[in-house]
Every structure is written in structure tokens, then in C-alpha cells.
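Okay, so here's the structure we're looking at.
Any read-out appearing in this document is the output of simple, stated calculations on the displayed coordinates, not a laboratory observation. Worth saying up front: this structure is predicted, and the values here are computed from it rather than measured. Don't worry about glycine lacking a Cβ; one is built from the backbone with ideal geometry, like all the others, and counts go over all protein chains shown.
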Amino acid sequence: MDSLSTWLAGLGLERYAEVFQANGVDMDSLALLTERDLTELGVLLGHRRRLLDALASSKAVTARPAPPPPPAKAGRPPGERRQLTVLFCDLAGSTELAQAMDAEELREVMRAYQDACGRVVARYEGHVAQYLGDGLVIYFGFPRAREDAAERAVRAALDIIAEVGRLPAVAPLSAHIGVATGAVVVGDVEGEDPSACDTAVGATPNLAARLCALAGPDQIMIAPSTRRLLGSTFELEDFGEHAFKGIGAPVRVDRVVGLAYRESRFSAIRPDRSMPFVGRDHEVDLLVSRWQTARESEGQAVLLAGEPGIGKSRIAHVLRERLTGEPHLTLLYQCSPFQSGSSFHPIIGHLSETCGFQRQDTAETRLDKLEAALKLEASEIEHVAPLFAALLSLPTGRYPPRMDSPQRLREVTIDALVEQPLRLSRGQPLLMIFEDAQWADADTLETMARFIERIRHWPILVLITCRPEFTPAWTAHGNVTLLHLNRLARRQAAQFAEELTAVKPIPHDVLEQILERADGVPLFVEELTQTVLEAGFLRDAGDHWETKGPVAPLAIPFTLHDSLMARLDHLAPVKAVAQIGACIGREFDHALLAAIAPVDAERLAEALLSLEASGLIFRRGSGDDAFYRFKHALVGDVAYDSLLKSQRVRIHARIARALAEDFGERAKASPELLAHHLTCAGMIDRAVQQWNVAARTAIARNRHQEALVHVDSGLALVGQVGSTRRADCEVALLVTGAACHWALKGYACPEVATLWARAEMVLEGVTQERLLVLALVGINNFAYAAADSRKSLATTERLIELASRTGDTDSKIVAYAAVGPILYQQAQFARCVALLQYVNDTYEVARYTGYGRLNDAKVTACCWLSYCQLSAGRFDEARRLARMAIDHADALAHPFVLSQALSVAARPFVEVGDIGVARELCRRCIDLCDTQRLPFWKGWAMVYEGVAAAREGQYASAQARLDEAIAHLASNGGHNDLGYVHAWRAQALAHLGRYDEARRSIAAARADCLGTGQQTGLVDLAYAEGVVESVDPRAAPGTAIERLRTAAGEARSQNLRLLELRASVAIAAMLRAEGRRDEARACLEPVIEGFTEGHDCAQMIEARHLLATCALGA
């Protein structure tokens, strides 16, 4: 093949070689031809444009004496981060060539070598970044990304080796090539030498150079990153692992052998993956319906349109599976982005595969195979076969010569191509699948259009897959169905992801990330799920997957990066606006964008219109009120990631400033938005404070999980805060985080323990008095709930001392309310009442309460004042205070505070015998906790339900409910006041006849109370012990009365009047039963006389009735 034919073949225009030669056109005269000359020679319009553009490029390359100077700054692409496929190419044996050739001759060879490489690179839309003597550095994916950049690079590498091998020289020339893919920084970077604008910075170019050095003559070595993007498009040979200088771990290398045949791009890219098929049954059913119609000789065509990755090829594949077993013939045609200018390319590819050509076949053998595949009548061979032979670049000498003009030859070729499938369908129905019609060349499209008109009365179904931008004129035909694929519904996408993970559920938060970012596109779901599985933060837990630790935001899948970036680069002039929008978020509004974008209103409007027209963003509203949203979250991610870090920092700083100064209401409504932009802008001190504001705002809205996310965001930055403010910032966040866990689990859950342990390490550095009080209150609550009396007492004394000398009344209220429960538990009732009464007297709703909606000083004060009054036998006052706590909590309408009030207030009512009221309070508390997902106080409501059941004699129900309550409290870290709970449990067990189990329960609880210093619990257990002895028929006579007298004495010594009364009633009842009525009256009467109120409650009614019966007997 001469140089002209070779050059035309490189453009896919080899069909014109004979025409040019017949008219005396060679390479020199070709450059002199005008468009009119090409028209007269019969060159089609699109082919004329391609020829003229190639000629212009060729002139520029030939005229180049040296690598071109760097372009002016205005013309250079801006610096950015992107995924790049880098190809290093070196001429093999260049040193030997230099010794064997004259310098001038060598210069011509080098120029021819560079020109040949440049033409190939241009064909595949790559970019020659550098000429390095006998080497070239070539980028695929810059300055414009391509979804198949890695494939383009390897195809270019194969063509370079072929082109270089054909160059004239004293000895055959060869090249060695290395290809690698990865993240780089490339383009015009501020402050850099302008000549370096085309230099990609990162590990990828270095690896490509190392691979090039490894390759032998005419060898292509590729990195694992590139290999992953290629699927099975190429035949590859495993070249083993190699250690390269400057690269830490060994690299597994593959050698490219050549192109591999695959019937479709889908099967090439995903050869080994078993893809789920979800949510597309309707579409397949429609195609099957059209097939059934076509079989009856009513030919049908279906245009299956959808964006990349939506599942078009998968549906085509499933259709073929559905038709397995039915007699039919399938013809497959695959269009290619690399051959969209090559006439009849998909048809030629189909013919070559149908004929079964082998590399070693001679031309005559190929002609024989062609004639056999066409299944022509003998009379048709000499008319039809040469047309197909010409398409396949086979010699036509065995056939009579044709005297057709180029235009006439084209027409008869199309006619023959249309007739051929019709001929094949005479024996059986035909399924024809054209994949990726958006890349079809003009001749193929015309053939397709004519064919669709012809099939109306033939048993043929034509399925054409395409992207939305493909809009052929023939869609209005009556036998054409348009089928547009929509995204999967969220439920379907979740099912898709589950099937990809071996039908094992993945953690909810991980799945939510996948679904949010995949936007219902099956390919995105697949790649994101695969990224999750390969990232190593999930472990197989048998029937499900679980996370190994905190889940970071998912990275953009490596395999999708080129495709997503290509969508963005398609709109290069307005890409900067998309990048700024991406900095704001997936959704951004016109007003904020206009406030920070460095363009005027008119240009901004034009840019947004372009982005909207392209389908990259959606709009709702208009004008300044318009809101925009990236169609795909991943496109926004790519737009953001492509910015240099310095660019991001500047944009986020502008956004933060605008939010703080011009959009104050928005910042107040969404404080996390301002915190995010402050963080990204590197304004750390302000960011940490703002994250705490965001967390407390979320708590105020009962969004505790969200608040914890904000707390974690702030804590991640604390180490960067200035040393003088670091402790204050850290403790403030820890206080907020602990409060969230109160609501989510409880006061002493492991998460709270971790936070308070961290707070105690830096507590001495806190400079703000209120913050110190809050931290000590939280630590105190934790110690109290965890039954760590030693620590809670120490913290209580510190809080009292701190509050006594502070001039801040609000801090005093918060501190005194917090220490009340500890003082009550230690039976320091007078001190407890004094401090809590101060809280009640001083409290105002508008005052600062520290923990906001998760704590209220008045509710706490009323509840534990009620306990103090209950213990002292002032039953009316106890119930009044309990109702006051509930009423106040109802008025506040803070769910967590209300759950506390309802739960704690149930105790006075159940203890004095108002069972109906107690049960209603418990029911309200449990309903509220279940609805609002606030577990802690539900446990205590369950306790009082168990006590109520015991008071009513429903001992089996009581024991079961108390066991549930103990387990519930323990699961949330609650170990405090369990002496009271186990005392009632033991009584229920005793009444069920399980006496020894009751005694063991009491013994274990007593040991716990003694170990933790819970004083009031010991008296409850002493009373329960007497009850167990009283109902155990095996107990020694007098044992029960002795134990109850001990309990009454202990209660009296601690001023626990209620327990003294209860024990005295039990003693009196046993004495009366033994006929010892005087002793019974003497035991009970002085106790009852000590009560001045609450005579209407069940406990007092029972006591007075017993006393009366003793008196009557006397």
C-alpha cells in the first residue's frame, strides 16, 4: 500500500484511494485540492470536511521544525485535577540509528516518526503533551475527557506500532510503549512556569514511563489501573509483577497482544460479571410483544434510548435470552466512537465476524467465505458479491468489472446491504440489534433508514440502542416504537445493590450513600457497590455485611471517572460555573451563585441555560428564585474534584462570607451549611464553633443522629484550633455529643463514657465557667446512671462548691438540679430539698438551661423533690410536685424532658397505691419514647409498670416486666437504683413460690448497692427480704417479723417514712394473724400518727384499716 493509501486508511477513507489514483492525485497534489475539486471527484460532504481538516493538520505538523512553543496563557486550559491515561512512547534503537545515519537523514526519520504518532493520536482525540527527542508523552483525557480514554490510548498504541513499522528507514523501526491511568494535576496552575502547563503532575506519568522502559520493541505494557478500565476489549498477556524505582509496591503488568473480538461493547466491558436484572420486565415484555408481531411478517423497529449506564445493552442481552429456543437468526452490529467517520463500519464488522475470517486467510479464502456467508443464488454472485468484497477491502478481480461512479457505487451498495437481511429472513425470523447508534457513520444511518422502510412485510425485528441525543428522522414510521429507559426506582436500586452483594443486606448508611449518589442508574449502582466491597470497610457477617468502623463518603468509582468528566468537559466554556455550583452542593440556588460567581449576570444566565440544556442540571423556579440540581450526584462530585485544592478553598471562602453576611437567615436555618463551607475554606476556629451551633440546632429539632454527625465534624477539626481556645471548643462539642447520646441510648451508654473520658482529660484547660459547669453536670449524670457513687459524690461536691461561689444564677440552677438525684440516693434529704427548692424558686423558662431540649432544671427539681416528700411520708406534696413536673414538661413540649417527667413522676403514684394514674403515666411515657425513639426513660416506665402489677397481685406479669426493664436499662448503660428494682422483683418471685431465687436476687443487689454506695436501695432490699420470709412456708417462725423490724428501723434512721410505714403494716398484719393484736397496734399506731397528709391514698387507707381491725379485736 503506497503512502496515499496508507494516509487515507488512517482516516477511514481508503475507499477513495482508487479514485484519487485514477485522477493522478498523489500526496503532494492532494494538499493542493480545494473543496470544489473534492466534490467533483465524488467525495461526500462529511468526508470532504474530514479530508480538509486532516490536510490542514498535516501541513501544520510538517511545517513544525521543533516542538511548538507553549500557547498563550489565555488559550491554555486552567489547572485542575483529573483522571488521565498517560501513554509514553519511545522509538526503539534510536541510539543505533543515530550512529548509522546522517544527522539530516535522522532528523527526517524522527520527523516522520513524530508525524505518524501525531496522526494516530489525533485520530483517537488524544493530546501530545511533550516531544522528548525520540519519545512522546501523550495524554488521553486532557484537555477534554473521554469516557473511553483508556481504550483510546491502547488502540492508539497498537496503531502507533503499526504506523511506525511502516515508516521508511535504513532498518525497520519499532516503538515501545507504556500506558497508565490515574489522578493528576494538569493545566495552567497559578504561579507555575507557563511552559509546564501541559505537564501532568502525579504518580501516573512516572509509572507510564517505567512501563515504557520495561517494554521491548513493538510491545505495549499497561498498568493495573488501565487494565481495569479495558474489560476484555483487548487480548492481554500477564507479564507478572515488577518493582519500579520510586514506586513502593510491586506492580502487576499486562502486555497488550492485540484487539479481541467481542460482539458488543457491553460484553467487552463486562465480560465476567453476572449482572442483576431488576425493574426492566415491562420493557422486555414490550420487546417480546414486538417480536411476536414481527414474526407474523409485520416487521418492527424499536429505538431503545437512554443515558449511558441505564441498561440498554443489558435489556438487549435479556431479550436474546428470552428468545432462546425459538427458531430465529440474530445479527449483531456494534457502532464505535472511534469509527464514526468510517463508512459502513458496524456493517463491515458484522460481515467480517459472520464470514469467520482468520488472520492467516488469503484474499481468495476470504472471498470464498464471503460468498458462502451471503447465501446468494448463482445468478446473484457476480452482481452482489463484488459490492461486499469492496466493503471488506478484498480484491474484486474474480468478478466482472463495474463502471459505477462513486455516488452510484454507494447507492447500489446500500441497496445490497438492505436486501441481504431480507434474503436471510426468508428461512426464519430475524432479530437485528444495532448497538450505540449515536456513533453510527452517515452511510450506516442511511442504510438503516432505508432498511426500516423495507421491513414492513418481513419477519424482522430491529432493536436499535442509542443515547438520548440520537434523534433519527424515521422515528415517525408506523412500525417504529420509541422506548425511553428511565432510572430505577429507589426500591429497585436497593434490590439491585443487594443482588450484587450476594443477596446479603449491606449496612443501611452505606446503602443510603449508594442510592443517593447512584440516582437510579444501574451502572452507577453497580460501580458504587463494587467500590464499597473493594474498599475493605465491610466484613462478611454471614447473612449480612457490616461495617468495620465509621463510613467515609464514597469515592467516585475509578471506572466511572472518565465518563462523568467527559460530560462536564463537553461544556468546557461554562464548566467553571458548574464547578462553583458543585462547591455549593448538589443543589444550588441562583441568588447564592450570583453572589459568588466571578461573572456578570448575563454571562451567568447564559452559562446556566447551557448547563440546563445539556441535561447536566435541572431547574425549578425562575430568576433569582431559581434552584438548580445536578442531574447526577456523581457529576457534581467530579466537577468538585476537578478543582485544585487552592481553587476550592477560595470558592468556599466566598460562599462562607456570602452566607454569613448576605444570607443570614439561611445560615441560621441551616447552620451546618455555613460550618461546611468554613471547614472547606480552612477557617478552622470559626468552623468548629459553627459545627457546635449546627449540632445544637439539630438537637432543638430532635434530630439527634444528625447532631452527632455535626459533633464528629467539629471534633475532627479540634486539633487545628489555636491552643488558647482548643479545650473550650473540644469540651463544648463533647458536651453536645454526650447530650445526643442521652436521647439516643442513655446517660451511661459506652458512647457517652468515651466522650466524658475525653472531656476529663482536657477539663482543666476550660476557661468558660458555664461550659465547665455543663461538663461537670454531664460527668455527674454519667456517674450517677452508671452507679459510680464515688465519682458522682466527688463531682457533686465540686459542682456545689463551684455553684456556691459563682455569680451566674443560671449556672447555679443547672448545677443544683444536677446534684439533687445523687443527694437523694445518699439519703441526704435535707440538703437535697434545700438545693432543689432553690432551683424551683429561681427558675424561669427564659433562663439558660445548658442542655436545651434534653434537660430542664425545673422538671428535675420537681421530680426529686417529689421523691424526697414521698420518702418523708408527705404523699400529697409528693403527688403535687410530680404533677407540677408533668405539667411543666407538657408546656415545654420537649420530648426527652417530657419522657423523663412522665417516667419519674410515676413512682410517687405507684408507691402510694394510685395504680391507675401510675399506669397511665407509664403508658404515655412508653408511647412517647417509641414514637420519638427515646429509649432511656422508657426503661423506668417499664419498671413502674412492673411495680404496679406487683401492687395489684399480678406477680407473674410483674416479674416478667421487671426483667424486661432491667435488660432494657442495662442495654443503655443504666445501672443506678437497681436495688429498688430488684427489691420489687424479689417480692414478685417470692409470691410465685420461687423463694431461693428471690433471696439470690436480693443478695446480688445488696452486694451491688454496698459496692456502689447506693444507700436508699439497701432499705428497699431489707424490706423485700422480710416479704420473702413472710411468704415462704419453710421460713423459721419469727424470721419474717425480725427482718421486717430491721427494715423498719433502717428506714426510720434514714427518714424513709414510706418504707417504715410499709414494713410496719406488714409486721402488724402478721402479729394480728397470730392473735397478738395489742402488739400489732403498738407497732402501727405511732407510725401512722406521724403522717399528717395523704390519708386518702391506698397505702394510708390500708394502714388505717389494719389499725382499726386491731383496735376492734382489743
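Rounded to the nearest Hz, the phi-derived 3J(HN,Hα) couplings of the stretch 897-907 under the Karplus curve 6.51 cos²θ - 1.76 cosθ + 1.60 (θ = phi - 60°) are 5, 5, 5, 5, 4, 5, 5, 5, 5, 5, 5, where x marks glycine and proline.
Within the straight-line cut-off of under 12 Å between alpha carbons, the aspartates and glutamates reachable from Lys504 are Asp540, Asp543, Glu546, sequence neighbours fewer than 8 places apart in one chain being disregarded.
The fewest-to-most ranking of Thr226, Thr806, Thr362 by surrounding Cβ atoms within 10 Å reads Thr362, Thr806, Thr226.
A dipole drawn for the stretch 897-1035 from +1 and -1 charges on Cβ atoms has a positive end, and of Ala983, Thr1012, Trp940 the residue lying farthest that way is Trp940. Estimated purely from DSSP H runs of n ≥ 4, each contributing -39500 (n - 2.57), the mean residue ellipticity at 222 nm for the chain is -19000 deg cm²/dmol once divided by its residues.
The 3J(HN,Hα) values that the Karplus relation (6.51, -1.76, 1.60; θ = phi - 60°) gives for the stretch 331-345 are, in residue order, 10, 10, 10, 10, 7, 10, x, 8, 10, 5, x, 8, 4, 6, 4 Hz. Gly and Pro appear as x. For the stretch 463-574, the square roots a ≥ b ≥ c of the C-alpha gyration tensor eigenvalues yield an a/c of 1.5 or more together with a/b not exceeding b/c, which makes the shape oblate. When each of the peptides 820-831, 1044-1055, 1072-1083, 236-247 is scored by how many other beta carbons lie within 10 Å of its residues on average, the order from highest to lowest is 820-831, 1044-1055, 1072-1083, 236-247.
Taking amide H positions as modeled 1.01 Å from N, with prolines and chain starts lacking one, the residues under 5 Å from Arg252 and 5 or more places away or on another chain are His242. Gain on full extension, evaluated as 0.36 nm per residue between Arg456 and Asp368 minus their Cα-Cα distance, stands at 28.5 nm.
The gain in end-to-end length when the Glu380 to Asn486 segment is fully stretched comes to 33.6 nm, 0.36 nm per residue minus the alpha carbon separation.
When the trypsin sites (Lys or Arg not before Pro) in the stretch 700-791 are filtered for DSSP coil states and for at most 11 other beta-carbon atoms within 10 Å of their beta-carbon, the remaining sites are Arg701. By the gyration tensor of its Cα atoms, with a ≥ b ≥ c the square roots of the eigenvalues, what is the shape of the stretch 997-1113: rounded for a/c under 1.5, prolate for a/b over b/c, or oblate? Oblate. Note on Arg629, Arg123: ascending count of other Cβ atoms within 10 Å places them as Arg629, Arg123, the fewest first.
Separation of the stretch 601-680 and the stretch 682-726, taken as the distance between their Cα centroids, equals 22 angstrom. How many angstrom lie between the C-alpha centres of the stretch 349-385 and the stretch 293-330? If we compute the Cα centre of each part, the gap is 27 Å. Compared with the direct C-alpha span, the chain from Thr1092 to Arg539 gains 192.5 nm at full extension, assuming 0.36 nm per residue.
Expressed as a rounded percentage, what relative contact order does the stretch 490-553 have, with Cα pairs under 8 Å and six or more residues apart?
Computed value for the stretch 490-553: 34 percent relative contact order.
Just want to confirm a number: the relative contact order over the stretch 79-265, from Cα pairs under 8 angstrom separated by 6+ residues, in percent.
Relative CO of the stretch 79-265 lands at 24 percent.
Using the Cα gyration tensor of the stretch 340-465, with a ≥ b ≥ c the square roots of its eigenvalues, what is the shape: rounded (a/c below 1.5), prolate (a/b larger than b/c) or oblate (neither)? Rounded is the answer for the stretch 340-465, as its axis ratio a/c remains below 1.5. Remark: for residue pairs Lys812/Lys858; Lys668/Lys858; Lys631/Lys668, the C-alpha separation exceeds 18 Å in Lys668/Lys858; Lys631/Lys668.
Report the FRET efficiency, 1/(1 + (r/R0)^6), for Glu1102 and Asp1078, where r is their Cβ-Cβ distance and R0 is 22 Å, rounded to 0.05.
About 0.65, to the nearest 0.05.
Sequence-ordered 3J(HN,Hα) estimates for the stretch 426-436 from the Karplus curve with 6.51, -1.76 and 1.60 and θ = phi - 60° stand at 5, x, 6, x, 10, 10, 10, 10, 9, 9, 6 Hz, glycine and proline given as x.
Rank-order 707-717, 947-957 by packing density, defined as the average count of other C-beta atoms within 10 Å over each peptide's residues, highest first.
The densest-packed peptide leads the list: 707-717, 947-957.
The stretch 111-181 and the stretch 838-859 have Cα centres separated by 75 Å. In plain terms, the residue of Thr365, Thr199 with the fewest other Cβ atoms within 10 Å comes first and the most crowded comes last, giving Thr365, Thr199.
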